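The values are calculated or read from the model by the stated rules, or taken from the named source; none is laboratory data. The structure displayed is predicted, hence computed values, not measured ones. With ideal geometry, Cβ positions are generated from the backbone for all residues, glycine too; neighbour counts draw on all protein chains shown. All accessible areas refer to the heavy atoms of the entire protein, side chains included, with ligands and DNA or RNA removed. Shrake-Rupley method; radii C 1.70, N 1.55, O 1.52, S 1.80 Å.
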Amino acid sequence: MDVIDSSLVDWSRAQFALTAMYHWLFVPLTLGLGVVMAIMETLYVRTGREFWRQTAKFWMKLFGINFAMGVATGIILEFEFGTNWSNYSWFVGDIFGAPLAIEGIVAFFMESTFIAVMYFGWNKVSKRAHLASTWLTIIGATLSAWWILVANAWMQHPVGMEFNPDTVRNEMVDFAAVAFSPVAVVKFCHTVSSSWVLGAVFVVGVSCWYLLRGQHREFALSSIRVAAWFGLVAALITAHTGHLSGRDIAMYQPMKLAAAEGLYEGGTEQGLVLGGILRPGAELSAGSNEEMFLLKAELPYALSYLATHDWHGYVPGIRNLLEGGYTLPDGSEALSAEEMMRRGRVAIAALAQYRAAATPEEKAAALTTLKENFPWFGYGYLQSPTELVPSVPLTFYSFRVMVMLGGYFIVLFAGLLLLGQRVARLKPVQMAVVMTIPLAWLASQAGWVVAEVGRQPWAIQGLLPNVAAISKLDVSSVQTTFFIFLALFTLLLVAELGIMGKAIAAGPETDQSSV
C-alpha cells in the first residue's frame with residue numbers, strides 16, 4: 001500500500017467540508033422558505049385576497065436570491081468528487097453517480113423549469129396554474145434533496161451493490177435498495193423537516209424585525225401565524241425522525257453513537273447524557289465512563305431505549321468497539337478492530353493476487369479469499385485501531401447543540417402561537433425571535449457535523465476510508481484552492497446578505513402602514 005501524506009487527507013477533507021458547509025447555508029432556507037411561500041400563495045388562491053398574493057411575492061423574492069447562491073456552491077461541491085476524491089469516484093462511481101445524475105436530469109430540471117413560470121407568470125397564467133408552478137418548484141427542490149441525501153445515506157450505510165474484482169469497482173445490483181433504504185428515507189425526512197424549521201424561524205424572525213421597527217404589522221403577524229404553525233409541525237417531525245435516525249446510527253454506525261454520547265465503556269441500561277463537560281483527551285485513556293467527564297447529567301436507561309428499543313438493551317462504548325468480544329444483535333461475536341484490520345489486509349492482498357493470477361485455479365482461490373474477507377476490505381487501509389475513533393468532543397458537543405436548539409424551536413413556535421396578536425406588543429419577545437435566526441443555522445450545521453465527523457475515518461462506512469479515497473495531489477494545490485474557495489464563498493455570502501438585507505429593508509408591498 002502506498003503511504004498517503006496525512007496532511008493531504010486533512011486538507012482535502014477541509015476543502016470539502018468548507019464547500020459543503022457554505023452550500024448548506026443556502027439549501028435549508030430554500031427548502032423551508034419555498035414551502036412557506038407556497039402556503040401563502042395557496043391562501044391567496046383560496047381567499048382571493050390581494051394581501052396574500054403580495055405576501056407570497058415578498059417571500060418568493062427572498063427565496064429566489066437564496067436559490068441562486070445555493071446552485072453556485074452546489075455545482076462546485078459535485079466537481080470536487082472528481083478532482084479531490086478520484087479514487088472514491090472510481091471505486092463507487094457506478095453507484096454514487098446514479099442518484100446525482102437523476103438529481104441533475106430530473107429534479108433540478110423540474111425546479112429550474114417551473115421557477116421561470118413562478119417568477120414571470122404572474123398575470124400571464126391562471127391563478128391555479130401559477131400556484132401549481134410554485135408548488136412544483138419547491139417539490140423539485142425537495143426531490144433534488146432526496147437524491148443527494150440518498151447518495152449521502154449510501155455513504156453512511158452502503159447497500160445494493162457487488163464488488164467486481166476485474167474492474168476494482170463496486171457495481172449497483174439493486175437500485176431500489178439504494179434509493180429507498182430505511183437509512184435514506186429517515187435521513188431525508190429528518191434533513192428536510194429540519195430545513196422547514198429553519199425556514200420557519202427565518203420567517204418569524206424577519207417578521208418580528210418588522211414589528212420592532214413598527215412596520216408592516218398585518219404582514220408580520222400573518223406571516224408569524226403561518227410560519228409558527230408550519231414550524232411547530234416541522235419541529236415535531238424533526239424530533240421524531242431524529243429518534244429514528246439515532247436507532248439507525250446505533251445499528252450501522254455504533255462508533256458514531258458512542259462518540260456522540262461520550263460513551264467509553266458500554267453496557268446494558270445505559271443513560272442518555274443530557275449535558276456535560278468532557279475531560280480533554282479522555283476518549284482514548286479513560287478507565288471508565290465517569291473518567292470521560294468533568295461533569296454530566298443523564299437520563300437513566302434512555303440511551304439503551306434509543307439504540308435498541310429496550311430499556312435494558314446493550315450499547316457498546318468506544319473501548320468495546322475497539323476490543324470486540326461482545327454479542328451482536330444477530331448472536332455473533334463482535335470482532336476487534338485489530339482483527340478487522342487483519343482481515344482487511346487479507347482482502348486487499350487477495351485482490352492483488354486475483355489480478356496477478358496466471359491460472360484459473362489461482363484466480364478462483366484468490367477470489368474465494370477475497371469474498372470471505374471483503375466485508376472488512378476498508379479496514380485494511382488503516383494503520384491503527386485508534387483511527388476508528390472520531391473526534392469525540394466535536395461530535396458530542398455538536399449533538400447537544402442540535403438537540404437543545406431543536407427543543408427550543410418547539411417551545412418558540414408554540415409560544416408564538418399562544419401569544420397570537422399580543423406578540424406585537426412584546427418587544428423582548430420580538431428581540432428574542434430576531435436573535436434566534438442564526439441559531440437555526442447553528443442547529444442545522446451542528447447536525448451535519450454529527451453526521452459527517454461522527455463517521456470518520458470513513459468516506460464510505462466500513463468500505464473505504466478517506467486515506468484510500470483521495471486523489472494523489474500536491475498538498476499545496478489543495479491548500480491554494482481551499483483559500484480560493486474560502487474567499488469566493490465568503491464573497492458570495494456577503495453578497496447574499498447584502499442583497500437579502502436590501503430586499504428585507506424595502507419590505508413587502510402589502511401593507512405600508514406603521515403601527
So which of V192, V204, V226 ends up being closer than 30 Å to L412 by Cα, open to solvent by 10 Å² or more (accessible area, probe 1.4 Å), in contact (Cβ under 8 Å) with a residue 40 or more places away in the chain and β-branched (V, I, T)?
V226
Based on this model, can you work out whether E452 counts as over 25 Å from the mean Cα position of the chain (by Cα) and either closer than 30 Å to A72 by Cβ or modelled with pLDDT under 95 (or both)?
no
What is the one condition in (1) of a type in the set (A, V, I, L, M); (2) modelled with pLDDT under 90; (3) farther than 24 Å from I249 by Cβ; (4) open to solvent by less than 20 Å² (accessible area, probe 1.4 Å) that I95 does not satisfy?
(3)
So Q253, is it under 18 Å from the mean Cα position of the chain (by Cα) and either among the aliphatic types (A, V, I, L, M) or within 17 Å of T308 (Cβ to Cβ) (or both)
yes
Enumeration of residues in the range 98-118 that are over 23 Å from F489 (Cβ atoms) and surrounded by fewer than 16 Cβ atoms within 10 Å (Cβ to Cβ):
A101, I105, V106, F109, T113, A116
Consider only pairs whose beta carbons are under 7 Å apart and that are at least six residues apart or on different chains; among these, list those whose first residue lies in the range 151-162 and is under 13 Å from P182 (Cα atoms) and whose second residue is open to solvent by less than 20 Å² (accessible area, probe 1.4 Å) and part of a strand (DSSP E or B).
P158/I460
Would you check if L439 is closer than 30 Å to F58 by Cα, open to solvent by 30 Å² or more (accessible area, probe 1.4 Å) and at pLDDT 90 or above?
yes
Tell me which residues, restricted to the range 7-49, are open to solvent by 40 Å² or more (accessible area, probe 1.4 Å) and without any contact (Cβ under 8 Å) to a residue 60 or more places away in the chain.
D10, R46, T47, G48, R49
Looking at (1) closer than 29 Å to V159 by Cα; (2) out of contact with any helix residue (DSSP H, G or I) (no Cβ under 6 Å at 6 or more places or on another chain); (3) open to solvent by less than 40 Å² (accessible area, probe 1.4 Å), which one does A364 not meet, given that it meets all the others?
(3)
Per the filter on the range 265-291, residues touching an Asp or Glu at 6+ places or on another chain (Cβ under 7 Å) and either open to solvent by less than 50 Å² (accessible area, probe 1.4 Å) or outside any loop (DSSP other than H, G, I, E, B) (or both) are G271, L272, V273, L274, A282, S288, N289
Looking only at helices (runs of 4 or more DSSP H) that lie completely in the range 297-361, which have at least 1 residues being surrounded by fewer than 19 Cβ atoms within 10 Å (Cβ to Cβ) and over 31 Å from the mean Cα position of the chain (by Cα)?
337-356
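Residue-wise test of (1) over 27 Å from A451 (Cβ atoms); (2) open to solvent by 10 Å² or more (accessible area, probe 1.4 Å); (3) modelled with pLDDT of 90 or more.
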residue: S126; (1), (2), (3): yes, yes, yes
residue: S133; (1), (2), (3): yes, no, yes
residue: T142; (1), (2), (3): no, yes, yes
residue: Q156; (1), (2), (3): no, no, yes
residue: G160; (1), (2), (3): no, yes, yes
residue: N164; (1), (2), (3): yes, yes, yes
residue: V168; (1), (2), (3): yes, yes, yes
residue: E171; (1), (2), (3): no, yes, yes
Top-ranked residue of the range 50-92 - restricted to ones that are under 30 Å from Y210 (Cα atoms), polar (S, T, N, Q) and open to solvent by less than 10 Å² (accessible area, probe 1.4 Å), ranked as farthest from the chain's Cα centre (by Cα):
T55
